[in-house]
Amino acid sequence: MRDFLFGKSALELGKLLTTGAVTPSHLLHATLRRIASSDPAVFTQRTVARAEMEAAAASRRYLEGRPLSMLDGVPVAWKDLFDVQGEVTRAGSSVLDDGPALRDAELVRRIAACGAVTTGKLNMTEFAFSGLGLNPHFGTPRNPWSRGEDRIPGGSSSGSAVAVALGLVPIAIGTDTSGSVRIPAAFNGVVGFKPSGGRWPLEGAFPLSRTLDTAGVLTRTVADAVVVDAAACGLPPSEVLPHTDGRIRLVVPTNAVWESVDADVARNFEEAVRRLEDFGVGIEHRRLPVLDEVLSVASRHGALVVKEAFELHRSRLASPDAERMDPRVRTRMLLGSHMSTASEAIVRQARLDLIDAMADLFDGATFVAYPTVAIAAPLLGPLELDDHLFATTNMLVLRNTLIGSFLDWCGISIPNGFDDNGIPTGFLLSGGPGSDHALLALANRIEAVIRGGQSFDFIRHNHS
């Protein structure tokens, strides 16, 4: 049963459910067995009773020939920022416990209404405040592509990415404030989609930055991300994914995103760009000064996410609970206390101005492309031991994705190769605010070209 089911996409599983090759209940039980025998740091909670009820209801619907959607009976798991009724939302922390959630987060409700089976909560960086994925409270999920020494999973949606890469679930919902879906997607060889701000509901999700937070999804394929996006927006997939045949232009910036990029990351990106050009996509290499300005604004005036995280956790940081937090998370949050009201106002206005400055670029057929992360997933051990290395690596890992977050771009990371250590790299395709439909349509159209015929299926790679 393991080899028959695991490593399949949500849509592949949906076809098996539709043909009766497997029932939702059988799929769930196989899923729960797989989760129980896997890395214990991936899931922090398993919602077995709820999952069994949902799978049984989906099984009845399939028997009656009336599935709710393409996601009916398909397992899904949630980053532990989202309220799931009856479960405690901990946000990867040992100090957060507001008791069992009284109701599902709105996004959980929408996905469940499509028949998806909620299997549990996934590990994450404490309070979603790092791009590396380390967690001293619940353990750090091991990047499944590690060879010998463990490598980081990326964060903050660490468990979400590893769960999909391992084939535990085909869909994992995360959040992305500065890259927290796209980064772990790149590090683990899966697809990670971050929608534009406000596209997916965040009611019932524990915040980090009320300005920059978005929900997002990690999947095995772009088509799966399209289906989840449709469910999140309450639309049929055909409306989310219009037919596209027109001429597409990709702008590859020559500035801002290339400093300290690994040679293997650059090589894989350049090879993908050449394949896209051969495929008929127009490629334009040019400087995008706005990208430099995004980084400069943060350097001169401070990061908005740090300020908002500090304000959110101000009372916690002044309480005894602070000593029980991850010291690196605590230290970075406290930096927000140094950002003045005047600086915050400057950053907020700069954000609006820079979004406006990029508006003319996004004409419906133009997108931006560059490596998702400057490096492949580094070794875990040195980062656990060295605070300075942790801080500098965190900033490098976040740099490319935070640009798009600041500018409210939607973005999708697609696997595009491996480095010399066999660790995946990612190709980040981004569109302007609100261009999610067009971005997903393009990503679906060119996904195979970006992947270059390579398999990023960890299950098959390792015969597990």
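The values are calculated or read from the model by the stated rules, or taken from the named source; none is laboratory data. None of the values given here were measured: they were computed from a predicted structure. So basically every Cβ, Gly included, is an ideal-geometry build from the backbone, and we count neighbours across all protein chains shown. To get the accessible areas, we keep the full protein, side chains included, count just its heavy atoms, and leave off ligands, DNA and RNA. Shrake-Rupley method; radii C 1.70, N 1.55, O 1.52, S 1.80 Å.
Looking at (1) buried (at least 24 other Cβ atoms within 10 Å of the Cβ); (2) modelled with pLDDT under 95; (3) among the β-branched types (Val, Ile, Thr), which is the one condition that is false for residue 412?
Just one mismatch for residue 412, condition (2).
Kindly provide the set of residues from segment 254-274 that are assigned to a helix (DSSP H, G or I) and in contact with a Lys or Arg (Cβ under 9 Å, 6 or more places away or on another chain), ordered by number.
272 - this is the single residue of segment 254-274 that is assigned to a helix (DSSP H, G or I) and in contact with a Lys or Arg (Cβ under 9 Å, 6 or more places away or on another chain).
From the list 85, 45, which one is touching a Lys or Arg at 6+ places or on another chain (Cβ under 6 Å), free of Cβ contacts under 8 Å to residues at least 60 places away in the same chain and under 30 Å from residue 323 (Cα atoms)?
One residue alone meets the criteria, 85.
Just one of (1) touching a Ser or Thr at 6+ places or on another chain (Cβ under 8 Å); (2) open to solvent by less than 10 Å² (accessible area, probe 1.4 Å); (3) within 27 Å of residue 69 (Cβ to Cβ) trips up residue 133, so point out which.
(3)
Return the total of residues in segment 84-121 being within 22 Å of residue 74 (Cβ to Cβ) and either β-branched (Val, Ile, Thr) or open to solvent by 20 Å² or more (accessible area, probe 1.4 Å) (or both).
Residues flagged as within 22 Å of residue 74 (Cβ to Cβ) and either β-branched (Val, Ile, Thr) or open to solvent by 20 Å² or more (accessible area, probe 1.4 Å) (or both) within segment 84-121 amount to 16.
Return yes or no: is residue 455 polar (S, T, N, Q) and within 30 Å of residue 349 (Cβ to Cβ)?
When the stated conditions are applied, residue 455 does not pass them.
For residue 330, which of the numbered conditions (1) over 25 Å from the mean Cα position of the chain (by Cα); (2) modelled with pLDDT of 95 or more; (3) not hydrophobic (A, V, I, L, M, F, W, C) fails to hold?
The number of the failed condition is (1).
Quick one: in segment 51-83, of everything that is in a helix (DSSP H, G or I) and closer than 18 Å to residue 171 by Cα, which residue is most open to solvent (accessible area, probe 1.4 Å)?
Taking the candidates together, the pick is 52.
If you take the residues of segment 391-426 that are within 15 Å of residue 189 (Cα to Cα) and charged (D, E, K, R), which of them is farthest from the chain's Cα centre (by Cα)?
Checked segment 391-426; the qualifying residue farthest from the chain's Cα centre (by Cα) is 420.
Can you work out which of the residues in segment 359-383 that are within 19 Å of the chain's Cα centre (by Cα), of a type outside the set (Phe, Trp, Tyr) and not in a loop (DSSP other than H, G, I, E, B) is surrounded by the fewest Cβ atoms within 10 Å (Cβ to Cβ)?
The residue in question is 369.
Of the residues 272, 266, 230, which is touching a residue at least 60 places away in the same chain (Cβ under 8 Å) and touching a helix residue (DSSP H, G or I) at 6+ places or on another chain (Cβ under 8 Å)?
Selected residue: 272, the only one of 272, 266, 230 that is touching a residue at least 60 places away in the same chain (Cβ under 8 Å) and touching a helix residue (DSSP H, G or I) at 6+ places or on another chain (Cβ under 8 Å).
Please work out which residue is farthest from residue 305 (Cα to Cα), limiting yourself to segment 114-158 and to residues that are assigned to a helix (DSSP H, G or I) and touching a helix residue (DSSP H, G or I) at 6+ places or on another chain (Cβ under 8 Å).
Across segment 114-158, the extreme among qualifying residues is 158.
Every residue in segment 27-38 that is out of contact with any Leu (no Cβ under 9 Å at 6 or more places or on another chain) and of a type outside the set (A, V, I, L, M), please.
29, 33, 37
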